[in-house]
Every structure is written in C-alpha cells, then in structure tokens.
Amino acid sequence: MDNFFDTLHDKEFIFAPKCYTTCDGGCCHNIYARYFKFNTSKDVVLPVVEAEYLSLLKAGNNYLDNHNKVIYELKNRKKFVVYFVKCSLGGLCNPHNLRPLICKLYPYYPKVDFDGNFLGVKPCALFDIFYKNKKNNFCTITHTADKDFINEFDQNTKILQQEPIMIFIFKILEYIEEALKKYTYEYYGKKVYLDEMSENEKYDFFAMQELNSITLKAYKNDDFINKVQNLYDILEQKYQERFYKYFKD
C-alpha cells in the first residue's frame, strides 16, 4: 500500500539550528532519569507508529532494533501498532533526515480539529505539559515561541495536518494529555507543576508517572476509550480507505 510516511524523509518542520547548544541536547536524552526507579537510562523512548517504522526501515534507518512493539485494540476490534524505540544516539543520528517524526517536530505537534484545521500547538513530550511557565522548560525553543514562530510552524506542518492518519495521531496525543492531567490532578487533589516542586516532590511525581506508564491506569476508563473510538469512526467515515488502511483487523 502507499505509505504516507515515505513522503516525509526529506521534510523538516522546526528550524532552530544548533538549538542543542542552549539546552545541552535535552530532547535527545532522558533528562529525568535520576527521578525514576526503573527507567534510569539516559536513552529516550520514541513512539513510532508501524507505518512510519516500516518506512524508516526501508529507507535505511538502522537504529530501530531496540524497541517494544505494542498493539492497541479499539472497541471495534481494529488494531493499531506502535513501536516504542529506545534511542541512545544523543542526537547524532545518521542519516539525520531519517530520524523519527517525533524528533523532527519536537517540542510541538499541531493541535487540529477533525478536518485537520490548525488550532495551535501542543507539547510533544508528556512531562512538558506539567510546566506552569514555559520559560522554566529546558527546551529553549519554547521560551521564544512567539506568534511568528507558531505561524511558520503551521505552514511547515500543512502536509501533516491534511493527512488522515496524522489527524488521528495528533488527536490521540491531545486525548492522552487530557487524561494524564486529569489522572495526575486527581492523584494530588490539585493542579501540580514541575517548576514549583522540590526535589523530593519530583521523586514522588515521577514514581507515580512511571507506575502509570506501566499500568496505563490513566487511560483505562470509558471516557478515554469512547473518545478514541469516536475519533476513529469520524475519520473512517470522512476519509475511508486513506485512513483505515493503517489499521489491522
């Protein structure tokens, strides 16, 4: 089948040359490793949907072997496969243009509606949603992301916004953020922010988040499950084979 991800190998979406010199390359290693009990590696884990994984493999990315393959099943029994690739390259990926899409987009992804209309930006990394002030985030791109930057990002990502499978992915990321915030705030009984926590509080925070990453408790509720199924139904009706070809029966 035609694979949309084959068209992205030479595309770039964020233009911030040598931004790593201002943040110690924080997006390319696990900056929170010291707070975790189990995942203490400095490696980053990159979510790559199966179609993208196969596309990168075919194009010559030879750094995808260390992965965990997860099959998610929707209420209608459709299955969606995601590879969680462990990367230890620290930003020195070669060829650089064949790095996963999440790396090309960081620190943002486009927030879109069901038609792919651009509504703004959302943070790629889950823990970035727990900063009260973006200037406290390690990623210096977020510090200076003004209206012109957002407009440029909108234009650069049009090819993604108009593709049904990407609308699905972007909406799912939005639902995951909403569910994780709800779960976290209910756990604490209030809104919490990383940039307001002491070191000891951060250890508790990341222990809770690490446990959730294993149990997925934040997402095992009817609200989240039904929203995902409703999203699939809307996009299948709207885009038909262009969309559902990325799912397995």
| query | THR215 fails exactly one of the following numbered conditions: (1) in contact with a Lys or Arg (Cβ under 7 Å, 6 or more places away or on another chain); (2) of a type outside the set (A, V, I, L, M, F, W, C); (3) closer than 25 Å to ASN30 by Cβ. What is the number of that condition? | reply | (1)
| field | Residue count, the range 1-46 (criterion: modelled with pLDDT of 90 or more, open to solvent by 50 Å² or more (accessible area, probe 1.4 Å) and not β-branched (Val, Ile, Thr)) | value | 5
| So which of LEU105, LEU126, LEU98 ends up being touching a His at 6+ places or on another chain (Cβ under 7 Å) and either within 24 Å of LEU231 (Cβ to Cβ) or crowded, with 17+ Cβ neighbours inside 10 Å (or both)? | LEU98
| message | List the residue pairs whose Cβ atoms are under 8 Å apart, where the first residue sits in the range 115-129 and is without any contact (Cβ under 8 Å) to a residue 24 or more places away in the chain, the second is open to solvent by 40 Å² or more (accessible area, probe 1.4 Å) and assigned to a strand (DSSP E or B), and the two are 6 or more positions apart or on different chains. | response | LEU119/LYS111
| message | Just to verify a result, which residue in the range 47-83, among those that are assigned to a loop (DSSP other than H, G, I, E, B), in contact with a strand residue (DSSP E or B) (Cβ under 8 Å, 6 or more places away or on another chain) and over 21 Å from LEU126 (Cβ atoms), is most open to solvent (accessible area, probe 1.4 Å)? | response | TYR63
| message | Between a residue in the range 218-239 that is surrounded by 13 or more Cβ atoms within 10 Å (Cβ to Cβ) and any residue that is polar (S, T, N, Q) and assigned to a helix (DSSP H, G or I), which pairs come within a Cβ distance under 8 Å, given they are 6 or more apart or on different chains? | response | ALA218/THR184; ALA218/ASN212
| note | LYS86 passes all but one of the listed conditions (1) basic (Lys, Arg); (2) surrounded by 14 or more Cβ atoms within 10 Å (Cβ to Cβ); (3) without any contact (Cβ under 8 Å) to a residue 40 or more places away in the chain; (4) more than 27 Å from TYR185 (Cα to Cα); the exception is number (3)
| Of the residues ARG77, ARG34, ARG99, which is among the basic types (Lys, Arg) and without any contact (Cβ under 8 Å) to a residue 24 or more places away in the chain? | ARG34
| task | Please tell me if PHE153 is buried (at least 18 other Cβ atoms within 10 Å of the Cβ), touching a residue at least 60 places away in the same chain (Cβ under 8 Å) and among the aromatic types (Phe, Trp, Tyr). | result | yes
| message | Regarding the range 131-141, can at least one residue be identified that is over 24 Å from TYR183 (Cα atoms) and surrounded by fewer than 15 Cβ atoms within 10 Å (Cβ to Cβ)? | response | yes
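The values are calculated or read from the model by the stated rules, or taken from the named source; none is laboratory data. On a predicted model such as this, the values are computed, not experimentally measured, just so you know. Note: ideal-geometry Cβ built from the backbone for every residue, glycine included; neighbour counts use all protein chains shown. Heavy atoms of the whole protein, side chains included, go into the accessibility calculation; ligands, DNA and RNA do not. Shrake-Rupley method; radii C 1.70, N 1.55, O 1.52, S 1.80 Å.
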